[in-house]
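Q: One structure coming up, written as structure tokens, with questions to follow.
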Amino acid sequence: MSQYKIAVIVGSLRRDSFNRKLAGALAKLAPAEFSFHHVQIGDLPLYNQDDDADQAASVKRLKSEIALAQGLIFLTPEYNRSIPGVLKNAIDHASRPYGQSVWSGKPAGVIGVSVGAIGTALAQQHLRNILAYLDAPTMGQPEAFIQAKEGLFEADGSIGAASRQFLQGWMDRYVVWVKQHTG
């Protein structure tokens, strides 16, 4: 049985982030052959092209963790109808210097949770546009715009009964997506 290491990129730094909680709950829905590694992005300096020749240790770590992964899951909140700056900063760092992007060819899943009725639909669309440019094949269906409301999570952090079937379907499709794109 192959092992699949998935890099989990949460676009929120908030300690009690709904998206961080969703990341943990989704991992419980995956088969045993999938392991999930949360990639730290909060310690990255602001991207500056002048630093491309001498990247910070945190940037080198980020790029190494992405390079070692067989797949990616992005969990993004929606800030002002787009992705958070910290997430864009991480994406920019791992795509530079030009021609040395570690995103290329990595199968990606995009999902997010928000208190708003449309979840993170616009942020996810912006993120999909960025990932298309970076040549990261991104799963298109099912889309998952999750609203954070009572019952989404059980006391143990797992997905609540009302959302479990839908999110299990999302994870099952993601597993197939990664396997299709990793040979």
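The values are calculated or read from the model by the stated rules, or taken from the named source; none is laboratory data. Everything quoted here is computed from the prediction, not taken from an experiment. Because the Cβ atoms are built from the backbone with ideal geometry, glycine has one as well, and the counts that use them run over all protein chains shown.
Q: If you take the residues of the stretch 72-98 that are among the basic types (K, R) and closer than 21 Å to G119 by Cβ, which of them is surrounded by the fewest Cβ atoms within 10 Å (Cβ to Cβ)?
A: First, the residues of the stretch 72-98 that are among the basic types (K, R): 81, 88, 96.
Now narrow it down to the ones that are closer than 21 Å to G119 by Cβ: 81, 88.
Working: R81: 11, K88: 16.
Looking at residues that are among the basic types (K, R) and closer than 21 Å to G119 by Cβ, I get R81.
Q: Please go through (1) at pLDDT below 95; (2) in a helix (DSSP H, G or I) for D50 and return the number of the only condition it doesn't satisfy.
A: (1)
Q: For the stretch 165-183, which residues satisfy the criterion of being within 19 Å of the chain's Cα centre (by Cα) and over 15 Å from P107 (Cβ atoms)? Even if it seems obvious, please write down each step before you answer.
A: Initially, the stretch 165-183 is screened for residues within 19 Å of the chain's Cα centre (by Cα), giving 166-182.
Passing the criteria: F166, L167, Q168, G169.
Q: Still on this structure: If only one of V59, V102 is surrounded by 19 or more Cβ atoms within 10 Å (Cβ to Cβ), assigned to a helix (DSSP H, G or I), β-branched (V, I, T) and modelled with pLDDT of 95 or more, which one is it?
A: Values: V102 fails: assigned to a helix (DSSP H, G or I).
Of V59, V102, the one residue that is surrounded by 19 or more Cβ atoms within 10 Å (Cβ to Cβ), assigned to a helix (DSSP H, G or I), β-branched (V, I, T) and modelled with pLDDT of 95 or more is V59.
Q: Under 7 Å between Cβ atoms, which residue pairs at least 6 apart in sequence (or on different chains) link something in the stretch 4-15 that is farther than 14 Å from S35 by Cα and touching a residue at least 24 places away in the same chain (Cβ under 8 Å) with a partner that is in a loop (DSSP other than H, G, I, E, B) and of a type in the set (V, I, T)?
A: Taking only residues 6 or more apart or on different chains, the pairs are G11/T76; G11/I83.
Q: Does L44 fit the bill of being in a helix (DSSP H, G or I) and either surrounded by 15 or more Cβ atoms within 10 Å (Cβ to Cβ) or at pLDDT below 95 (or both)?
A: Details: in a helix (DSSP H, G or I): no; either surrounded by 15 or more Cβ atoms within 10 Å (Cβ to Cβ) or at pLDDT below 95 (or both): yes.
Spelling it out, it is not the case that L44 is in a helix (DSSP H, G or I) and either surrounded by 15 or more Cβ atoms within 10 Å (Cβ to Cβ) or at pLDDT below 95 (or both).
Q: Could I ask something else about it? Output the number of residues of the stretch 116-167 satisfying the condition of being out of contact with any Pro (no Cβ under 9 Å at 6 or more places or on another chain), hydrophobic (A, V, I, L, M, F, W, C) and outside any helix (DSSP H, G or I).
A: Step one: of the stretch 116-167, the residues out of contact with any Pro (no Cβ under 9 Å at 6 or more places or on another chain) are 116-119, 121-122, 124-130, 132-135, 140-165, 167.
Checking the rest, the ones that are also hydrophobic (A, V, I, L, M, F, W, C) come to 117-118, 121-122, 127, 130, 132, 134, 144-146, 148, 152-153, 155, 159, 161-162, 167.
Cutting the leftovers down to outside any helix (DSSP H, G or I) gives us 117-118, 134, 144-146, 148, 152-153, 155, 159.
Result for the stretch 116-167: 11.
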